[in-house]
Amino acid sequence: MAGLIQRHGSVLARRFLTSGQKIARCRFLPLSARMHTSSQLAKLVSFNLSDIGEGIREVTVKEWYVKEGDTVEQFDNLCEVQSDKASVTITSRYEGKIVKLHKQVDQIALVGSPLLDFDVEDEADSESSSSSSESDEEVLEQGQQAMVAAGHGQTMVALTSSGKVLATPAVRRIAMEHKVDLHKVKPTGRNGRVLKGDVLEYLNIIPAGTVKPHPTLLSAQPPATARLVDEDKTPAETVVPLKGVAKIMVKSMTECLKIPHFAYSDEIDVSKLVKIQKSLKEEALAQGVKLTFTPFFVKAASNALKQFPILNSSFDEANESLIYKSYHNISIAMHTPQGLVVPNVKNVERKSILEIAVDINALQERGMNGTLKPSDFANGTFSLSNIGMVGGTYTHPCILAPQVAIGAIGQTRLLPRFDANGNVIAANIMTVSWSADHRVIDGVTMASFSNAWKKWLENPHLFLLAAK
(Lines give C-alpha, C1' and ligand atoms only; values in the text may rest on other atoms or scores of the structure.)
Protein backbone atom coordinates (compact mmCIF):
# COMPACT_ATOMS: atom_id res chain seq x y z
CA MET A 1 0.00 0.00 0.00
CA ALA A 2 2.89 2.40 0.78
CA GLY A 3 4.35 1.72 -2.66
CA LEU A 4 0.96 2.39 -4.22
CA ILE A 5 0.68 5.81 -2.50
CA GLN A 6 4.26 6.64 -3.45
CA ARG A 7 3.54 5.82 -7.09
CA HIS A 8 0.35 7.93 -7.06
CA GLY A 9 2.43 10.86 -5.73
CA SER A 10 4.91 10.36 -8.55
CA VAL A 11 2.11 10.50 -11.09
CA LEU A 12 0.84 13.81 -9.67
CA ALA A 13 4.39 15.19 -9.71
CA ARG A 14 4.82 14.26 -13.38
CA ARG A 15 1.51 15.93 -14.23
CA PHE A 16 2.59 19.10 -12.38
CA LEU A 17 5.89 19.18 -14.34
CA THR A 18 4.04 18.61 -17.59
CA SER A 19 1.72 21.52 -16.81
CA GLY A 20 4.75 23.69 -16.04
CA GLN A 21 6.30 22.84 -19.38
CA LYS A 22 3.08 23.82 -21.13
CA ILE A 23 3.07 27.18 -19.34
CA ALA A 24 6.69 27.78 -20.28
CA ARG A 25 6.01 27.05 -23.95
CA CYS A 26 2.97 29.36 -23.86
CA ARG A 27 5.25 32.36 -23.28
CA PHE A 28 6.59 32.07 -26.81
CA LEU A 29 3.21 31.72 -28.52
CA PRO A 30 1.74 34.61 -30.57
CA LEU A 31 -0.49 37.04 -28.65
CA SER A 32 -3.67 35.76 -30.33
CA ALA A 33 -2.88 32.19 -29.36
CA ARG A 34 -2.21 33.18 -25.75
CA MET A 35 -5.52 35.04 -25.58
CA HIS A 36 -7.32 31.98 -26.91
CA THR A 37 -5.69 29.78 -24.26
CA SER A 38 -6.63 32.12 -21.39
CA SER A 39 -10.23 32.31 -22.56
CA GLN A 40 -10.54 28.61 -21.91
CA LEU A 41 -9.83 29.10 -18.22
CA ALA A 42 -13.30 30.58 -17.73
CA LYS A 43 -16.34 30.56 -19.97
CA LEU A 44 -19.77 32.17 -19.93
CA VAL A 45 -22.66 29.71 -19.92
CA SER A 46 -26.33 30.65 -20.25
CA PHE A 47 -28.71 28.66 -18.05
CA ASN A 48 -31.96 28.28 -20.03
CA LEU A 49 -35.37 27.44 -18.61
CA SER A 50 -35.98 23.82 -19.60
CA ASP A 51 -39.35 22.24 -20.37
CA ILE A 52 -41.00 21.45 -17.01
CA GLY A 53 -43.80 19.42 -18.59
CA GLU A 54 -47.61 19.64 -18.52
CA GLY A 55 -47.54 21.73 -21.70
CA ILE A 56 -46.28 24.77 -19.77
CA ARG A 57 -44.68 27.36 -22.06
CA GLU A 58 -44.22 30.26 -19.65
CA VAL A 59 -43.77 30.80 -15.92
CA THR A 60 -43.52 33.73 -13.52
CA VAL A 61 -40.36 34.16 -11.47
CA LYS A 62 -41.64 34.36 -7.88
CA GLU A 63 -38.37 34.39 -5.89
CA TRP A 64 -34.61 34.36 -6.46
CA TYR A 65 -32.46 32.45 -3.97
CA VAL A 66 -29.25 33.87 -5.46
CA LYS A 67 -27.97 37.23 -6.71
CA GLU A 68 -25.36 38.42 -9.20
CA GLY A 69 -21.86 37.72 -7.91
CA ASP A 70 -22.84 34.65 -5.86
CA THR A 71 -20.89 31.42 -6.29
CA VAL A 72 -23.00 28.26 -6.47
CA GLU A 73 -22.47 24.55 -6.82
CA GLN A 74 -24.39 21.87 -8.65
CA PHE A 75 -27.88 21.15 -7.27
CA ASP A 76 -28.04 24.47 -5.35
CA ASN A 77 -31.45 26.17 -5.49
CA LEU A 78 -31.53 29.10 -7.91
CA CYS A 79 -35.12 30.35 -7.99
CA GLU A 80 -38.78 29.47 -7.65
CA VAL A 81 -41.11 29.83 -10.62
CA GLN A 82 -44.90 29.75 -10.65
CA SER A 83 -46.93 28.43 -13.56
CA ASP A 84 -50.71 28.40 -13.79
CA LYS A 85 -50.55 24.86 -12.38
CA ALA A 86 -47.80 24.63 -9.78
CA SER A 87 -44.66 26.08 -8.21
CA VAL A 88 -41.30 24.64 -9.26
CA THR A 89 -37.87 25.15 -7.68
CA ILE A 90 -35.09 25.43 -10.29
CA THR A 91 -31.67 24.01 -9.31
CA SER A 92 -28.24 24.61 -10.82
CA ARG A 93 -26.54 22.30 -13.29
CA TYR A 94 -23.24 24.17 -13.03
CA GLU A 95 -20.62 25.19 -10.51
CA GLY A 96 -19.42 28.75 -10.87
CA LYS A 97 -20.13 32.42 -10.37
CA ILE A 98 -23.43 34.06 -11.36
CA VAL A 99 -22.76 36.92 -13.77
CA LYS A 100 -26.24 38.09 -14.74
CA LEU A 101 -29.91 37.47 -13.85
CA HIS A 102 -32.06 37.82 -16.98
CA LYS A 103 -35.41 37.97 -15.15
CA GLN A 104 -36.62 39.92 -12.15
CA VAL A 105 -39.25 38.81 -9.61
CA ASP A 106 -42.78 38.72 -11.13
CA GLN A 107 -41.43 38.79 -14.70
CA ILE A 108 -42.47 36.16 -17.26
CA ALA A 109 -39.88 33.59 -18.41
CA LEU A 110 -40.45 31.49 -21.52
CA VAL A 111 -39.33 27.88 -21.86
CA GLY A 112 -35.98 27.85 -23.67
CA SER A 113 -35.12 31.44 -22.78
CA PRO A 114 -32.09 32.24 -20.55
CA LEU A 115 -32.71 32.67 -16.82
CA LEU A 116 -29.17 33.61 -15.81
CA ASP A 117 -25.52 33.49 -16.96
CA PHE A 118 -22.74 31.52 -15.23
CA ASP A 119 -19.00 32.14 -15.27
CA VAL A 120 -17.75 28.55 -14.98
CA GLU A 121 -14.18 27.32 -14.75
CA ASP A 122 -12.79 25.15 -17.54
CA GLU A 123 -12.69 21.58 -16.29
CA ALA A 124 -10.36 20.26 -18.98
CA ASP A 125 -7.68 19.36 -16.45
CA SER A 126 -10.10 17.51 -14.19
CA GLU A 127 -11.61 15.66 -17.15
CA SER A 128 -8.19 14.58 -18.42
CA SER A 129 -7.26 13.35 -14.97
CA SER A 130 -10.34 11.12 -14.89
CA SER A 131 -10.53 9.95 -18.49
CA SER A 132 -7.38 10.55 -20.55
CA SER A 133 -4.50 10.16 -18.07
CA GLU A 134 -3.02 6.70 -18.47
CA SER A 135 -0.97 7.13 -15.31
CA ASP A 136 -4.02 7.84 -13.17
CA GLU A 137 -5.87 4.90 -14.67
CA GLU A 138 -3.01 2.61 -13.74
CA VAL A 139 -3.06 3.91 -10.18
CA LEU A 140 -6.82 3.45 -9.86
CA GLU A 141 -6.60 -0.02 -11.38
CA GLN A 142 -3.99 -1.09 -8.85
CA GLY A 143 -6.03 0.50 -6.07
CA GLN A 144 -9.05 -1.53 -7.14
CA GLN A 145 -7.04 -4.72 -6.99
CA ALA A 146 -5.79 -3.81 -3.52
CA MET A 147 -9.10 -2.74 -1.92
CA VAL A 148 -10.77 -4.93 0.66
CA ALA A 149 -14.53 -4.93 0.15
CA ALA A 150 -15.26 -6.32 3.59
CA GLY A 151 -13.69 -3.28 5.21
CA HIS A 152 -16.48 -0.93 4.07
CA GLY A 153 -19.58 -0.86 6.28
CA GLN A 154 -22.93 0.81 5.77
CA THR A 155 -22.60 4.57 5.09
CA MET A 156 -25.17 7.29 4.52
CA VAL A 157 -25.14 9.50 1.41
CA ALA A 158 -27.33 12.43 0.36
CA LEU A 159 -29.90 11.51 -2.26
CA THR A 160 -31.94 13.61 -4.64
CA SER A 161 -35.74 13.30 -4.65
CA SER A 162 -35.38 10.50 -7.24
CA GLY A 163 -32.95 8.53 -5.06
CA LYS A 164 -29.91 9.53 -7.10
CA VAL A 165 -26.61 10.20 -5.32
CA LEU A 166 -25.31 13.77 -5.58
CA ALA A 167 -22.07 13.61 -7.60
CA THR A 168 -20.46 15.25 -10.63
CA PRO A 169 -20.15 13.41 -13.98
CA ALA A 170 -16.38 12.99 -13.47
CA VAL A 171 -16.95 11.22 -10.15
CA ARG A 172 -19.64 9.00 -11.67
CA ARG A 173 -17.24 8.05 -14.47
CA ILE A 174 -14.60 6.88 -11.98
CA ALA A 175 -17.22 4.92 -10.02
CA MET A 176 -18.55 3.29 -13.19
CA GLU A 177 -15.10 2.31 -14.46
CA HIS A 178 -14.23 0.63 -11.17
CA LYS A 179 -17.69 -0.76 -10.41
CA VAL A 180 -18.19 1.26 -7.23
CA ASP A 181 -21.72 1.71 -5.88
CA LEU A 182 -21.89 5.40 -4.92
CA HIS A 183 -24.60 4.59 -2.39
CA LYS A 184 -21.89 2.86 -0.32
CA VAL A 185 -19.41 5.73 -0.48
CA LYS A 186 -19.38 8.10 2.50
CA PRO A 187 -19.83 11.68 1.19
CA THR A 188 -17.85 14.69 2.42
CA GLY A 189 -18.99 17.36 -0.07
CA ARG A 190 -21.47 20.15 0.48
CA ASN A 191 -24.90 18.88 1.58
CA GLY A 192 -23.77 15.27 1.20
CA ARG A 193 -22.23 15.36 -2.30
CA VAL A 194 -19.80 12.52 -3.14
CA LEU A 195 -16.40 13.89 -4.18
CA LYS A 196 -13.56 12.32 -6.15
CA GLY A 197 -11.52 12.04 -2.95
CA ASP A 198 -14.33 10.08 -1.32
CA VAL A 199 -14.13 7.45 -4.07
CA LEU A 200 -10.32 7.32 -3.80
CA GLU A 201 -10.64 6.76 -0.05
CA TYR A 202 -13.21 4.03 -0.67
CA LEU A 203 -10.73 2.35 -3.06
CA ASN A 204 -7.92 2.70 -0.44
CA ILE A 205 -5.85 4.73 -2.92
CA ILE A 206 -5.45 7.55 -0.42
CA PRO A 207 -5.50 7.20 3.39
CA ALA A 208 -8.83 7.36 5.17
CA GLY A 209 -9.59 10.81 6.57
CA THR A 210 -7.63 12.66 3.88
CA VAL A 211 -10.79 14.43 2.67
CA LYS A 212 -12.34 16.59 5.39
CA PRO A 213 -16.20 16.79 5.61
CA HIS A 214 -17.85 19.99 4.41
CA PRO A 215 -19.20 22.27 7.21
CA THR A 216 -22.76 21.59 6.05
CA LEU A 217 -22.33 17.95 7.08
CA LEU A 218 -20.77 18.79 10.43
CA SER A 219 -23.57 21.20 11.35
CA ALA A 220 -26.25 18.73 10.21
CA GLN A 221 -25.08 16.00 12.61
CA PRO A 222 -26.18 16.54 16.23
CA PRO A 223 -24.14 15.07 19.10
CA ALA A 224 -24.60 11.36 19.67
CA THR A 225 -26.14 11.92 23.11
CA ALA A 226 -28.74 14.28 21.68
CA ARG A 227 -29.70 11.77 19.01
CA LEU A 228 -30.28 9.10 21.65
CA VAL A 229 -32.65 11.39 23.53
CA ASP A 230 -34.55 12.94 20.62
CA GLU A 231 -34.58 10.28 17.92
CA ASP A 232 -38.08 9.02 18.85
CA LYS A 233 -39.63 12.46 19.40
CA THR A 234 -41.69 14.39 16.86
CA PRO A 235 -40.30 17.91 16.16
CA ALA A 236 -42.16 20.55 18.17
CA GLU A 237 -42.13 23.00 15.26
CA THR A 238 -42.17 22.65 11.48
CA VAL A 239 -41.28 25.56 9.20
CA VAL A 240 -43.18 25.60 5.88
CA PRO A 241 -42.28 28.49 3.54
CA LEU A 242 -45.28 30.08 1.83
CA LYS A 243 -45.36 29.71 -1.94
CA GLY A 244 -47.72 29.85 -4.88
CA VAL A 245 -51.31 30.85 -4.09
CA ALA A 246 -50.63 31.13 -0.34
CA LYS A 247 -47.83 33.61 -0.94
CA ILE A 248 -49.98 35.69 -3.30
CA MET A 249 -52.77 35.68 -0.72
CA VAL A 250 -50.46 37.27 1.85
CA LYS A 251 -49.87 40.23 -0.46
CA SER A 252 -53.50 40.66 -1.53
CA MET A 253 -54.90 40.42 2.02
CA THR A 254 -52.28 42.86 3.30
CA GLU A 255 -53.44 45.36 0.68
CA CYS A 256 -57.15 44.79 1.32
CA LEU A 257 -56.86 45.45 5.05
CA LYS A 258 -55.63 48.95 4.30
CA ILE A 259 -59.22 49.68 3.25
CA PRO A 260 -61.52 51.09 5.98
CA HIS A 261 -64.24 48.42 6.08
CA PHE A 262 -67.74 48.70 7.49
CA ALA A 263 -70.20 45.83 7.74
CA TYR A 264 -73.92 45.38 7.16
CA SER A 265 -75.83 42.12 7.71
CA ASP A 266 -79.34 40.88 7.04
CA GLU A 267 -81.38 37.70 6.64
CA ILE A 268 -83.37 36.57 3.61
CA ASP A 269 -86.31 34.18 3.37
CA VAL A 270 -85.35 31.99 0.40
CA SER A 271 -88.22 29.48 0.76
CA LYS A 272 -89.57 30.25 -2.73
CA LEU A 273 -86.07 30.14 -4.23
CA VAL A 274 -85.48 26.71 -2.68
CA LYS A 275 -88.59 25.35 -4.41
CA ILE A 276 -87.68 26.86 -7.80
CA GLN A 277 -84.09 25.64 -7.68
CA LYS A 278 -85.27 22.15 -6.77
CA SER A 279 -87.77 22.08 -9.65
CA LEU A 280 -85.20 23.34 -12.20
CA LYS A 281 -82.28 21.23 -10.98
CA GLU A 282 -83.19 18.07 -12.90
CA GLU A 283 -84.00 19.95 -16.10
CA ALA A 284 -80.66 21.75 -15.97
CA LEU A 285 -78.88 18.47 -15.33
CA ALA A 286 -80.56 17.01 -18.43
CA GLN A 287 -78.85 19.83 -20.36
CA GLY A 288 -75.51 18.92 -18.79
CA VAL A 289 -75.47 21.81 -16.29
CA LYS A 290 -75.21 21.54 -12.51
CA LEU A 291 -77.56 24.22 -11.12
CA THR A 292 -76.89 25.41 -7.56
CA PHE A 293 -78.08 28.50 -5.70
CA THR A 294 -74.92 30.49 -6.55
CA PRO A 295 -76.01 31.49 -10.10
CA PHE A 296 -79.17 33.01 -8.60
CA PHE A 297 -77.10 34.97 -6.06
CA VAL A 298 -74.79 36.23 -8.82
CA LYS A 299 -77.62 37.26 -11.16
CA ALA A 300 -79.49 39.01 -8.34
CA ALA A 301 -76.32 40.95 -7.50
CA SER A 302 -75.96 42.05 -11.13
CA ASN A 303 -79.59 43.25 -11.24
CA ALA A 304 -79.10 45.20 -8.00
CA LEU A 305 -75.83 46.72 -9.29
CA LYS A 306 -77.79 48.30 -12.14
CA GLN A 307 -79.67 50.27 -9.51
CA PHE A 308 -76.55 51.11 -7.46
CA PRO A 309 -73.64 51.33 -9.94
CA ILE A 310 -71.31 52.88 -7.36
CA LEU A 311 -70.92 49.38 -5.84
CA ASN A 312 -69.62 48.19 -9.22
CA SER A 313 -66.85 50.78 -9.28
CA SER A 314 -63.19 50.79 -8.23
CA PHE A 315 -61.43 53.40 -6.14
CA ASP A 316 -58.36 55.11 -7.60
CA GLU A 317 -56.64 56.18 -4.40
CA ALA A 318 -53.78 58.02 -6.11
CA ASN A 319 -56.14 60.34 -8.02
CA GLU A 320 -58.95 60.23 -5.43
CA SER A 321 -61.50 59.22 -8.05
CA LEU A 322 -64.03 56.46 -8.77
CA ILE A 323 -63.97 54.38 -11.95
CA TYR A 324 -67.45 53.14 -12.83
CA LYS A 325 -67.64 49.85 -14.77
CA SER A 326 -70.41 49.14 -17.25
CA TYR A 327 -69.63 45.42 -17.18
CA HIS A 328 -70.41 43.14 -14.23
CA ASN A 329 -67.49 40.73 -13.75
CA ILE A 330 -68.54 39.16 -10.46
CA SER A 331 -65.76 37.40 -8.53
CA ILE A 332 -66.57 34.13 -6.77
CA ALA A 333 -64.42 33.01 -3.83
CA MET A 334 -63.50 29.32 -4.20
CA HIS A 335 -61.60 26.89 -2.02
CA THR A 336 -59.16 24.75 -4.04
CA PRO A 337 -56.28 22.35 -3.21
CA GLN A 338 -53.93 25.26 -3.96
CA GLY A 339 -55.74 27.59 -1.54
CA LEU A 340 -58.33 30.37 -1.80
CA VAL A 341 -58.80 31.75 -5.33
CA VAL A 342 -61.23 34.41 -6.55
CA PRO A 343 -61.86 34.12 -10.33
CA ASN A 344 -64.76 36.02 -11.86
CA VAL A 345 -67.71 35.34 -14.16
CA LYS A 346 -67.49 37.77 -17.09
CA ASN A 347 -70.35 40.02 -18.23
CA VAL A 348 -73.01 38.67 -15.91
CA GLU A 349 -75.38 41.50 -16.95
CA ARG A 350 -75.68 39.89 -20.41
CA LYS A 351 -76.13 36.26 -19.31
CA SER A 352 -78.98 34.04 -18.18
CA ILE A 353 -78.92 32.07 -14.94
CA LEU A 354 -78.15 28.87 -16.86
CA GLU A 355 -75.23 30.51 -18.70
CA ILE A 356 -73.87 31.82 -15.39
CA ALA A 357 -74.10 28.27 -13.98
CA VAL A 358 -72.04 26.95 -16.91
CA ASP A 359 -69.33 29.55 -16.30
CA ILE A 360 -69.21 28.91 -12.55
CA ASN A 361 -68.94 25.14 -13.06
CA ALA A 362 -66.06 25.67 -15.52
CA LEU A 363 -64.21 27.95 -13.07
CA GLN A 364 -64.65 25.46 -10.24
CA GLU A 365 -63.33 22.60 -12.37
CA ARG A 366 -60.25 24.59 -13.44
CA GLY A 367 -59.71 25.68 -9.85
CA MET A 368 -59.71 22.09 -8.56
CA ASN A 369 -57.32 21.04 -11.34
CA GLY A 370 -55.04 24.03 -10.82
CA THR A 371 -55.54 25.24 -14.40
CA LEU A 372 -57.05 28.69 -13.82
CA LYS A 373 -55.60 31.29 -16.17
CA PRO A 374 -54.64 34.91 -15.38
CA SER A 375 -57.59 36.06 -17.51
CA ASP A 376 -59.94 34.27 -15.08
CA PHE A 377 -58.90 36.72 -12.35
CA ALA A 378 -58.63 39.90 -14.40
CA ASN A 379 -61.00 42.90 -14.14
CA GLY A 380 -63.30 41.71 -11.36
CA THR A 381 -65.81 44.38 -10.29
CA PHE A 382 -67.77 42.91 -7.35
CA SER A 383 -67.32 39.84 -5.12
CA LEU A 384 -69.44 37.14 -3.49
CA SER A 385 -68.38 34.39 -1.10
CA ASN A 386 -70.60 31.49 -0.07
CA ILE A 387 -69.43 30.40 3.38
CA GLY A 388 -72.77 28.66 3.96
CA MET A 389 -71.47 25.65 2.04
CA VAL A 390 -69.34 24.71 5.07
CA GLY A 391 -71.42 26.32 7.84
CA GLY A 392 -71.67 29.56 9.73
CA THR A 393 -74.09 32.48 9.58
CA TYR A 394 -72.48 35.92 9.82
CA THR A 395 -68.92 36.95 9.03
CA HIS A 396 -66.88 40.02 8.10
CA PRO A 397 -65.49 39.46 4.56
CA CYS A 398 -62.43 41.35 3.30
CA ILE A 399 -62.81 43.54 0.22
CA LEU A 400 -60.73 42.51 -2.79
CA ALA A 401 -58.96 45.75 -3.80
CA PRO A 402 -59.56 47.82 -5.88
CA GLN A 403 -63.22 46.75 -5.61
CA VAL A 404 -65.40 48.59 -3.09
CA ALA A 405 -67.76 45.88 -1.78
CA ILE A 406 -68.10 42.15 -1.11
CA GLY A 407 -70.85 39.88 0.21
CA ALA A 408 -70.54 36.67 2.23
CA ILE A 409 -73.56 34.35 2.17
CA GLY A 410 -74.21 32.26 5.29
CA GLN A 411 -75.85 28.90 5.79
CA THR A 412 -79.53 28.44 4.95
CA ARG A 413 -81.45 27.01 7.92
CA LEU A 414 -85.05 25.96 8.50
CA LEU A 415 -86.35 28.32 11.20
CA PRO A 416 -89.78 29.32 12.61
CA ARG A 417 -91.18 32.59 11.28
CA PHE A 418 -94.56 34.40 11.22
CA ASP A 419 -96.49 34.60 7.96
CA ALA A 420 -98.72 37.52 6.84
CA ASN A 421 -101.59 36.18 8.99
CA GLY A 422 -99.49 35.86 12.13
CA ASN A 423 -99.18 32.09 11.94
CA VAL A 424 -95.88 30.37 12.75
CA ILE A 425 -94.45 28.61 9.72
CA ALA A 426 -91.20 26.89 8.80
CA ALA A 427 -89.06 29.15 6.60
CA ASN A 428 -85.72 28.71 4.84
CA ILE A 429 -83.68 31.60 6.26
CA MET A 430 -80.35 32.59 4.75
CA THR A 431 -78.00 35.25 6.15
CA VAL A 432 -75.71 37.65 4.30
CA SER A 433 -72.85 39.87 5.49
CA TRP A 434 -71.70 42.82 3.39
CA SER A 435 -68.44 44.75 3.68
CA ALA A 436 -67.96 48.08 1.92
CA ASP A 437 -65.19 50.64 1.49
CA HIS A 438 -66.31 53.41 3.84
CA ARG A 439 -64.22 55.98 1.96
CA VAL A 440 -66.73 55.92 -0.91
CA ILE A 441 -69.76 53.87 0.27
CA ASP A 442 -72.07 54.92 3.09
CA GLY A 443 -74.37 52.74 5.18
CA VAL A 444 -77.60 53.81 3.46
CA THR A 445 -76.26 52.88 0.02
CA MET A 446 -75.08 49.47 1.23
CA ALA A 447 -78.39 48.74 2.98
CA SER A 448 -80.39 49.84 -0.07
CA PHE A 449 -78.34 47.57 -2.34
CA SER A 450 -78.83 44.67 0.08
CA ASN A 451 -82.59 45.21 0.05
CA ALA A 452 -82.65 45.22 -3.76
CA TRP A 453 -80.61 41.98 -3.85
CA LYS A 454 -82.89 40.49 -1.20
CA LYS A 455 -86.00 41.35 -3.23
CA TRP A 456 -84.84 39.27 -6.20
CA LEU A 457 -84.13 36.23 -4.03
CA GLU A 458 -87.31 36.38 -1.98
CA ASN A 459 -89.35 36.80 -5.18
CA PRO A 460 -87.48 34.66 -7.74
CA HIS A 461 -90.32 34.93 -10.29
CA LEU A 462 -89.00 38.46 -10.94
CA PHE A 463 -86.12 36.87 -12.85
CA LEU A 464 -88.66 36.07 -15.61
CA LEU A 465 -89.24 39.78 -16.18
CA ALA A 466 -85.52 40.50 -16.61
CA ALA A 467 -84.40 37.24 -18.24
CA LYS A 468 -81.41 37.53 -20.60
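The values are calculated or read from the model by the stated rules, or taken from the named source; none is laboratory data. Owing to the predicted nature of the structure, the values given are computational and were not obtained by experimental measurement. Here the Cβ positions follow ideal geometry from the backbone for every residue, glycine too, while neighbour counts run over all protein chains shown. The protein model used for the area step is the full one, side chains on, heavy atoms only, and it has no ligands, DNA or RNA in it. Shrake-Rupley method; radii C 1.70, N 1.55, O 1.52, S 1.80 Å.
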Karplus couplings for the range 274-279 from phi (6.51 cos²θ - 1.76 cosθ + 1.60, θ = phi - 60°), rounded to Hz, Gly and Pro as x? 4, 5, 5, 4, 5, 6
Which residues qualify? For Cys79, with a placed amide H closer than 5 Å and at least 5 residues away or on another chain, they are Tyr65, Ile90
Where does each of Ser265, Ser326 land when they are ordered by accessible area, with a 1.4 Å probe and the largest first? Ser326, Ser265
Quick one: 3J(HN,Hα) in Hz for the range 305-320, Karplus 6.51/-1.76/1.60 with θ = phi - 60°, rounded, Gly and Pro as x. 5, 5, 7, 10, x, 4, 6, 9, 9, 10, 9, 8, 5, 4, 9, 6
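How do Thr336, Thr210 rank by accessible surface area computed with a 1.4 Å probe, from largest to smallest?
Thr210, Thr336
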Skipping prolines and chain starts, which residues have an amide H placed within reach, meaning under 5 Å, of the one on Ser46, given they are 5 or more residues away or on another chain? Phe118
Extension gain Lys164-Thr336, at 0.36 nm per residue separation less the Cα-Cα distance, in nm? 58.6 nm
Just the accessible area for His261, please: 1.4 Å probe, Å², rounded to the nearest 10? 50
For Leu322 and Arg413, what is the calculated FRET efficiency with R₀ set at 35 Å and r taken between the beta-carbons, to the nearest 0.05? 0.40
Check the straight Cα-Cα distances from Lys164 and name the lysines below 24 Å, setting aside those fewer than 8 residues away within the same chain. Lys179, Lys184, Lys186, Lys196, Lys212
Rounded to the nearest 20 Debye, what is the dipole magnitude of the range 230-361 about its Cα centre when Lys and Arg each give +1 and Asp and Glu each give -1 at the C-beta? 640
So for the pair Ile108, Met389, with labels modelled 7 Å out along Cα→Cβ, what separation do we get in nm? 3.0
Sequence of Leu257, Leu110, Leu462 from largest to smallest accessible area, 1.4 Å probe: Leu257, Leu110, Leu462
Could I have the simple spin-label model distance between Thr292 and Lys272, label points 7 Å from Cα toward Cβ, reported in nm to one decimal? 2.5
Contour minus Cα-Cα distance for Lys212 and Arg93 (0.36 nm per residue): 40.4 nm
Surrounding net charge for Pro295, when Lys and Arg each add one and Asp and Glu each subtract one, Cβ distance under 12 Å: +2
Kindly write out, for the range 372-386 in residue order, the coupling ³J(HN,Hα) from the Karplus curve 6.51 cos²θ - 1.76 cosθ + 1.60 (θ = phi - 60°), rounded to whole Hz, with x marking Gly and Pro. 5, 9, x, 5, 5, 9, 6, 6, x, 10, 7, 10, 10, 9, 9
Once both labels are modelled 7 Å past Cα along the beta-carbon direction, what's the Glu349-Lys247 spacing in nm? 3.8
Measure of exposure for Trp456: accessible area at 1.4 Å probe, Å² rounded to 10, is 40
Once amide H atoms are placed 1.01 Å from N in the peptide plane, what residues at a sequence separation of 5 or more from Ser383, or on another chain, have their amide H within under 5 Å of its amide H? Ser331, Ala405, Gly407
Is the C-alpha gyration tensor of the range 390-468 telling us rounded, prolate or oblate? Criteria: a/c under 1.5 is rounded; beyond that, a/b larger than b/c is prolate, otherwise oblate. prolate
